[in-house]
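Chemist: Dumping the structure here so I can ask a few things about it.
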Amino acid sequence: MQNFLEIGKIVKPQGVKGELKVMPLTDDPARFKTLREVVIDGATFKVSGVKLSPDAVFLSLSGVTDRDYAETFRNKFVAVSRENAVELPENTFFIVDLIGCAIVDEKGKYIAEITDVTKARTDIITASDKDGKTMRFPFLKKYLISVDEEKGVMTVDGEKLGEVSCYED
């Protein structure tokens, strides 16, 4: 499990006072308002200001006071330590914790490994089987038995999963 969770990507500097325009990578951009510190490229910065817009978050960091310095953060990711991450409701997961999980059926038979999760109304899981074949399926409760993030295993009802999975040729 990763110690830091990426919550945004810095798009560009905003203005001349070092503000950063951030594309949020979280379900709730308003969570930026509660941040006290963030990690960028392994360095910790205190958050001195946050403004929300419909498509971005504008972040001010202590010590980043001009456009030139802010420019050095372009295309870098804003992260928080796992201790500072939001508390997730039951049966929800951080995407980073699902990627790499083995998918097994209720008898423990290996099906595939999760390689990506696409955010959508119903999230789409992309997985690769042992032959390198790619499968995609919606992340639905109707076939999910359990997720053990510590062990990196998602257990599913194999028959029901087969009904909703699509394979690439």
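The values are calculated or read from the model by the stated rules, or taken from the named source; none is laboratory data. On a predicted model such as this, the values are computed, not experimentally measured, just so you know. Please note: Cβ atoms are built from the backbone with ideal geometry, for glycine as well, and neighbour counts cover all protein chains shown. These area figures cover heavy atoms from the full protein model, side chains too; ligands, DNA and RNA do not enter into them. Shrake-Rupley method; radii C 1.70, N 1.55, O 1.52, S 1.80 Å.
Chemist: Going through LYS109, LYS133 one at a time, which residue ends up being at pLDDT below 95, surrounded by fewer than 14 Cβ atoms within 10 Å (Cβ to Cβ) and charged (D, E, K, R)? Steps first, please.
Modeler: Values: LYS109 fails: at pLDDT below 95.
It is LYS133.
Chemist: Regarding the stretch 24-40, can at least one residue be identified that is more than 30 Å from VAL153 (Cβ to Cβ), at pLDDT 95 or above and open to solvent by 80 Å² or more (accessible area, probe 1.4 Å)?
Modeler: No, every residue in the stretch 24-40 fails to be more than 30 Å from VAL153 (Cβ to Cβ), at pLDDT 95 or above and open to solvent by 80 Å² or more (accessible area, probe 1.4 Å).
Chemist: Now a separate question. Just to be sure before I move on: is VAL78 open to solvent by less than 50 Å² (accessible area, probe 1.4 Å) and free of Cβ contacts under 8 Å to residues at least 60 places away in the same chain in the structure I sent? Spell out the reasoning first.
Modeler: Details: open to solvent by less than 50 Å² (accessible area, probe 1.4 Å): yes; free of Cβ contacts under 8 Å to residues at least 60 places away in the same chain: no.
The answer is no for VAL78.
Chemist: Here's something else I'd like to know. Could you look through the stretch 141-169, keep only residues that are among the acidic types (Asp, Glu) and either open to solvent by less than 40 Å² (accessible area, probe 1.4 Å) or out of contact with any Ser or Thr (no Cβ under 8 Å at 6 or more places or on another chain) (or both), and pick out the one that is nearest to GLU106 (Cα to Cα)?
Modeler: Of all residues in the stretch 141-169, those among the acidic types (Asp, Glu) come to 148-150, 157, 159, 163, 168-169.
Now drop any that are not either open to solvent by less than 40 Å² (accessible area, probe 1.4 Å) or out of contact with any Ser or Thr (no Cβ under 8 Å at 6 or more places or on another chain) (or both), which leaves 149-150, 157, 159, 163, 169.
Details: GLU149: 17, GLU150: 18, ASP157: 6, GLU159: 10, GLU163: 15, ASP169: 26 Å.
Ranking the qualifying residues of the stretch 141-169, first place goes to ASP157.
Chemist: Quick one: how many residues across the stretch 81-106 are on the phi > 0 side of the Ramachandran plot and open to solvent by 70 Å² or more (accessible area, probe 1.4 Å)? Walk me through how you get there before you give the answer.
Modeler: Filtering the stretch 81-106 down to residues on the phi > 0 side of the Ramachandran plot leaves 91, 100.
Add one more test, that the residue is open to solvent by 70 Å² or more (accessible area, probe 1.4 Å), and what stays is 91.
Qualifying residue count, the stretch 81-106: 1.
Chemist: I need the full set of residues from the stretch 58-75 which are surrounded by 18 or more Cβ atoms within 10 Å (Cβ to Cβ) and β-branched (Val, Ile, Thr), in order please.
Modeler: Residues of the stretch 58-75 that are surrounded by 18 or more Cβ atoms within 10 Å (Cβ to Cβ), as a first pass: 59-61, 64, 70, 73.
Listed by number, the list holds a single entry, VAL64.
Chemist: I would also like to ask the following. Provide a single number: the residues in the stretch 146-169 that are assigned to a loop (DSSP other than H, G, I, E, B), within 12 Å of ILE103 (Cα to Cα) and either of a type in the set (S, T, N, Q) or out of contact with any helix residue (DSSP H, G or I) (no Cβ under 6 Å at 6 or more places or on another chain) (or both).
Modeler: Total satisfying the criteria: 3.
Chemist: Does at least one position in the stretch 2-23 carry a residue that is open to solvent by 70 Å² or more (accessible area, probe 1.4 Å), in a strand (DSSP E or B) and closer than 21 Å to ASP97 by Cβ?
Modeler: Yes - at least one qualifying residue is present in the stretch 2-23.
Chemist: If you don't mind, another one. Strands (runs of 3 or more DSSP E) wholly in the stretch 52-145 with at least 2 residues that are among the acidic types (Asp, Glu) - which ones? Working first, answer last.
Modeler: Working: elements: 57-61, 77-81, 102-105, 110-118, 124-128, 134-138.
Strands (runs of 3 or more DSSP E) meeting the threshold: 110-118.
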